[in-house]
Amino acid sequence: MFQAFFFDMDGVVFDSMPVHAQAWETVMSEHGLPFSARDCYLQEGRTGQSVIDECFLRARGRHAEEHEWQAIYRQKTDLFHSHGQAPLIPGIRDLLYWLHDLPSHPQIFLVTGSGQQTLFDELQQVLPGIFARQNMVTAFDYTHGKPDPEPYLIAFSKARQACPTLTKSNCCVVENAPLGVQSAKAAGLFAAAVNTGILTQADLSAAGADRTFPDMPALHAFLATL
Ligand code: MG
């Protein structure tokens, strides 16, 4: 059994990707930029600036000016937040409390590109006792986001401080996005990909996932057999 679990947030803990995708599609289309829900799911994990810039290059053959991407990103963020807190992914609560109560006491981390200041308090409200503050790696903690390995390498190093015998083969990353899977694999960790969105399991396998699951209960059932 794994001794540490590194959970991504969007699309793994919170069912926030449909709202992200809708907000991106709406705002991009207002600016005359073609952008589909599939684009959003494939690029999940990249910064807003880089998503907008690539869209500009594709549609207009030039980079986005700073004032352009900032305005579009602010609009997208405002629209996203106007929907309020996303619901939990079905099955994630059962999985997290099952892990939390295992006699082996695996460490549980959150590893996210999000930089919301209020995130810790929100997580304490919806999942009390699961994510300790020192077990959260957020956008404030690293320089290079997914698909760079840095976020997961930081999580591994924090987990090893708490358990010096921990090795990379004892750690399991739970991701829903191709770039997140790439980040986990570049960090040398086991990547369990749960397909909670509109991509195919083949999209996640192609990114290098060690195992793919159609939903959270399927991952839970797999872990229970270990
Ligand atoms: Mg995600």
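Couple of notes before you dig in:
- Residues that are among the polar types (S, T, N, Q) and either within 13 Å of the chain's Cα centre (by Cα) or within 23 Å of residue 42 (Cα to Cα) (or both), drawn from the stretch 113-161: 114, 116, 138, 143
- Selection count where residues are away from the ligand (no atom under 16 Å from the Cβ) and either assigned to a helix (DSSP H, G or I) or within 17 Å of residue 175 (Cβ to Cβ) (or both), scope the stretch 108-123: 4
- Among the residues making up the stretch 23-46, those that are within 16 Å of the ligand (Cβ to nearest atom) and surrounded by fewer than 20 Cβ atoms within 10 Å (Cβ to Cβ) are 37, 38, 39, 42, 43, 46.
- Selected residue [among the polar types (S, T, N, Q) and touching a Lys or Arg at 6+ places or on another chain (Cβ under 8 Å)] from 117, 75, 134: 134
- Residue in the stretch 64-81 that is charged (D, E, K, R), surrounded by 13 or more Cβ atoms within 10 Å (Cβ to Cβ) and within 22 Å of residue 148 (Cβ to Cβ) present: no
- Top-ranked residue in the stretch 68-102 [being in contact with an Asp or Glu (Cβ under 8 Å, 6 or more places away or on another chain) and in a helix (DSSP H, G or I); ranked as farthest from residue 17 (Cα to Cα)]: 69
- Flag for residue 164 being assigned by TED's automatic domain parsing to the domain that holds residue 104, of a type outside the set (D, E, K, R) and within 13 Å of the chain's Cα centre (by Cα): no
The values are calculated or read from the model by the stated rules, or taken from the named source; none is laboratory data. In this text the structure is predicted, and so the values were computed from the model without any measurement. Neighbour counts run over all protein chains shown; Cβ positions are idealised from the backbone, glycine included.
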